């Protein structure tokens, strides 16, 4: 395995050391030993040896969240059998709050901590251990000494029987893949570890050694992946002008059905469906995920909102700028594939059409501004319920759409000279490399204005802080395109509900704000039984022969009781947009189109 040279992290280490409020304890040494005596029962056992202590008390903490996933997940809930010892004697280690253990260390120079972590949550942000492999999401596994975030640590892994390989961006110690070094806890918590028998292959791109570790098998084509992932890495590096890594690791968890990703400083964890690689759309979706998470190594891991680092691992870290950190990244994930000539223009425009339809068919877009969606990620985005689509909007989806509008604005205003790429590189150079800090809301706006050549107060007022509907056609017209609603003239009736079927029964899962069901009292969890006395056998055809304005009787079972609801049908108000070329595209529009879509003559 190719290891990372310490110099690759030097800038990042200095950044965190210069800006972190915690004090480095230079004499303190920390060694973790990770074993898996009961991997089949989903446990990782941790022994933590802390030496060089010179203090009367020591508080040990478990992070409550992991950077990149904006939800307090309470990782301490998975910890059990916590104990402390010194000089071969057990010492008291009471838990003083949900994620902190307190130890009296007066007269002690070293202590040994032992605890177990239950690892059985399948996601890219949580640890999972079974007899086949161990995925160690480090922020939910390693307890750290309070006020010592800048302290280095060594992680020794004793693998479960049959496990042969470790994949992580952390340095190997003396070439031993099972012993890793972390310069500080910010890097440790940003460096997941995969242990098992994963399939590992690599490629070189943009001056970086890339490692891909595939867990769980799959019908992937290694050689094709190497080519396409290299194109993505090269294209994204071109946006920012440099790749700050020497070594980067993709950890891919292939399952029967899987998805999602989580970015890290020098690696990422991806979820994929193992049999989708041979499917054209499935493979394209995987590459979009690769492009998204890899783009994050610049956008959010280095170029970041000012509050996202140094991190507070005890509390929420609020920002109104996730629409930039995640939304812009969501915009680039497909644009990069287009510019790398992996995705053709027609497929790219189809992807944009899908994004527009998602936004416009979500009633919450008229309720929650984009900046508020970013700020409330901690309590809303990762805790969706049956009413979420009525009350909020995704900062991924709308953020991507706003990024598109800004990109088209800049390209048009500069007659193809500049684009959003120039803004991203300028902000990266200015705030990450020169100022060595994150940006404020106003500073990012100023960066956009610098390249748009105009004041964007009205744009921000309408689209970032306000609820003005996005004017797609104004901006698409710059490139000679238009968005048309194919459903504009339809007069189909609708109950304004979504349903699911279980054991032959039809249940309501969503009631759309302003729809017929919303107005006349259909509830989520109602079991649909009949319409006008006729039993419902097929939800798709239950309104055949009906029209908007008709009053019907909807029979439901609600909490086991029969309820008859008089409902007046309303017109189905769902949008069905498509993006097409305008007739008679002008030379000026073609300049914008070529720049935007990366078209070559």
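Scanning region 172-204 for residues that are surrounded by 20 or more Cβ atoms within 10 Å (Cβ to Cβ) and over 16 Å from residue 268 (Cα atoms) gives 180, 182, 183, 184, 185, 196. Applying the criterion of being under 25 Å from residue 591 (Cβ atoms) and exposed (fewer than 15 other Cβ atoms within 10 Å of the Cβ) to the residues of region 414-443, the residue that is farthest from the chain's Cα centre (by Cα) is 415. For region 253-270, a residue qualifies if it is farther than 23 Å from residue 171 by Cα and buried (at least 20 other Cβ atoms within 10 Å of the Cβ), and exactly one does: 254. With respect to the stated conditions, residue 96 fails to be assigned to a strand (DSSP E or B), touching a strand residue (DSSP E or B) at 6+ places or on another chain (Cβ under 8 Å), crowded, with 21+ Cβ neighbours inside 10 Å and on the phi < 0 side of the Ramachandran plot.
Of everything listed in (1) in contact with a strand residue (DSSP E or B) (Cβ under 8 Å, 6 or more places away or on another chain); (2) in contact (Cβ under 8 Å) with a residue 60 or more places away in the chain; (3) surrounded by fewer than 22 Cβ atoms within 10 Å (Cβ to Cβ); (4) under 25 Å from residue 377 (Cα atoms), the single unmet condition for residue 137 is (3).
Taken together, 103, 155, 122 contain a single residue that is part of a strand (DSSP E or B) and farther than 22 Å from residue 180 by Cα, which is 103. Please work out which residue is surrounded by the fewest Cβ atoms within 10 Å (Cβ to Cβ), limiting yourself to region 298-312 and to residues that are in contact with a strand residue (DSSP E or B) (Cβ under 7 Å, 6 or more places away or on another chain) and at negative phi. Filtering first and then ranking leaves 306.
Being surrounded by 17 or more Cβ atoms within 10 Å (Cβ to Cβ), in contact with a strand residue (DSSP E or B) (Cβ under 7 Å, 6 or more places away or on another chain) and modelled with pLDDT of 95 or more holds for only one residue in 517, 521, and it is 517.
Set side by side, the residues 209, 231 differ, and just one is farther than 26 Å from residue 313 by Cα, in contact (Cβ under 8 Å) with a residue 60 or more places away in the chain, assigned to a strand (DSSP E or B) and over 21 Å from the mean Cα position of the chain (by Cα), which is 209. When 582, 528, 597, 570 are checked against the criterion of being in contact with a helix residue (DSSP H, G or I) (Cβ under 8 Å, 6 or more places away or on another chain), over 30 Å from residue 346 (Cβ atoms) and in contact (Cβ under 8 Å) with a residue 60 or more places away in the chain, 570 stands alone in meeting it.
Listed here are the residues, each with its yes/no results for (1) more than 18 Å from residue 512 (Cα to Cα); (2) assigned to a helix (DSSP H, G or I); (3) more than 20 Å from the chain's Cα centre (by Cα).
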{"position": "332", "(1), (2), (3)": "yes, yes, no"}
{"position": "355", "(1), (2), (3)": "yes, yes, no"}
{"position": "377", "(1), (2), (3)": "yes, yes, no"}
{"position": "382", "(1), (2), (3)": "yes, no, no"}
{"position": "393", "(1), (2), (3)": "no, no, no"}
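Inside region 423-454, residues that are over 12 Å from residue 413 (Cβ atoms) and outside any helix (DSSP H, G or I) make up a count of 6. Those strands (runs of 3 or more DSSP E) of region 482-581 in which at least 2 residues are under 27 Å from residue 359 (Cα atoms) and under 35 Å from the mean Cα position of the chain (by Cα), considering only elements entirely within it, cover 497-502, 505-511, 577-581.
Yes/no per residue for (1) loosely packed, with under 14 Cβ neighbours inside 10 Å; (2) within 30 Å of residue 162 (Cβ to Cβ):
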site: 29; (1), (2): no, no
site: 36; (1), (2): no, yes
site: 47; (1), (2): no, yes
site: 71; (1), (2): no, no
site: 80; (1), (2): yes, yes
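The values are calculated or read from the model by the stated rules, or taken from the named source; none is laboratory data. Quick caveat, the model's predicted, so the values are computed rather than measured. When we count neighbours, we look across all protein chains shown, and the Cβ atoms used for this are built from the backbone with ideal geometry, even at glycine.
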